[in-house]
Amino acid sequence: MFNLTKKQTIIMVILIVVIALIIAGNIFLFINYQYRQRQAKINADIQKIQDLINQGKLPEINIESLKSQGLEPEALNLAETAIKQYKEEQKKEAEIPLTTAEKTQIEIMETLTNYNSLNPQSRFDTEQKIITLREKSIPALASLIDNPDATYRNLAYNALFQIAYKSKEKKPEIIPILKQGLGDSDLSNQAQAAANLVVLSEKEGIPVLIQSLSNKNWMANSEPPELIFAFSYSILTQRTGQDFKFDQMAWQKWWDENKNNLHWDENRKKFTI
């Protein structure tokens, strides 16, 4: 039909090969583009699942919901694997018996659920219930020292004080915890912790009580209500045998001159020089 010369035939073949190569190249570029696009989506979907895992939201992950969002199979597999591992870990934890300390922590937290700082009877009942746990409650009470709620910290100081007062064996363990209260951000708690320490024969609380003599705010959870300076004055006079009234400078002078010579008289329950 076509009478092509040899030269024309060669040119035709070359053109066909070139066109084929161009088409093949475009197909390759398209496939590569599609691959890279899918890989990017896979990576984005996997990162989304990883973020949920890192944020501790495994219990909230719903596989069906993720499928409806069009997540890639690789990301869905990661989610399913993570959920499976999480459930297995939860099951193992449920099978591990709680230690005495853990049981006590749970008991104290349950007690605090019903704690009403504005109700004197509630404060008393909660404190007494915790105190009955005695040394078992010390770790849980120590953790309350870091609680952002000043009311719970106050409860911890008082409960720890009563345990230490009744148990000489546990006093060395409790004193360092109570000393943290000297730096409490709540000035009422500072005074309370200082008073607790002084009554337990620790003179480090005395300078804090002296500083509190100028504080005209109310003591937290005090029944009957008492001003901080009056509370501090009462502890200072009872436990030092001194009485400089509310003269803060006189108290400070006495402390500076005698702090190194103070000794606790166990029989009289006060400091002597």
Report task. Using amide H atoms built 1.01 Å from N in the peptide plane, name the residues 5+ places from LEU227, or on other chains, whose amide H lies under 5 Å from its own. Result -> MET219
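Could you list, in their original order, any pairs among LYS171/LYS259; LYS203/LYS269; LYS67/LYS87; LYS203/LYS253; LYS41/LYS84; LYS216/LYS269 whose Cα atoms are separated by more than 18 Å?
LYS171/LYS259; LYS67/LYS87; LYS41/LYS84; LYS216/LYS269
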Query - Karplus 3J(HN,Hα) series, Hz, for the stretch 176-190 with 6.51 cos²θ - 1.76 cosθ + 1.60 (x for Gly, Pro) - result: x, 5, 5, 5, 5, x, 5, x, 4, 5, 8, 5, 5, 5, 4
Report summary line: Between PHE271 and residues 5 or more places away or on another chain, the pairs with built amide H atoms under 5 Å apart involve THR240, ASP265
**Report entry** Karplus (6.51, -1.76, 1.60) ³J(HN,Hα), θ = phi - 60°, over the stretch 215-222, in Hz, Gly and Pro reported as x
**Finding:** 8, 9, 7, 8, 5, 6, 6, 8
Query raised in the report: With θ set to phi - 60° and the Karplus curve 6.51 cos²θ - 1.76 cosθ + 1.60, what are the ³J(HN,Hα) couplings of the stretch 145-162 in order, to the nearest whole Hz, using x for Gly and Pro?
Result: 4, 8, 5, x, 8, 4, 5, 5, 5, 4, 4, 5, 4, 5, 5, 4, 4, 5
Requested in this report: Count charges around GLY205 for me, please; just the other residues with Cβ under 11 Å from its Cβ, Lys/Arg as +1, Asp/Glu as -1.
Outcome: +1
Report task. Quickly rank 240-246, 155-161, 197-203 as a protection proxy: mean count of other C-beta atoms within 10 Å, highest first. Result -> 155-161, 197-203, 240-246
Query raised in the report: Among 230-236, 70-76, how do they line up from the highest to the lowest mean number of other beta-carbon atoms within 10 Å?
Result: 230-236, 70-76
Query raised in the report: Going highest first, how would you order 221-228, 140-147 by mean Cβ packing within 10 Å?
Result: 140-147, 221-228
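All of the numbers you see were taken from the coordinates with simple rules; none came from a lab. Treat the numbers as computed from the prediction; the structure is a model and nothing was measured. A quick note on method: Cβ atoms are made from the backbone with ideal geometry, for glycine too, and the neighbour counts reach across all protein chains shown.
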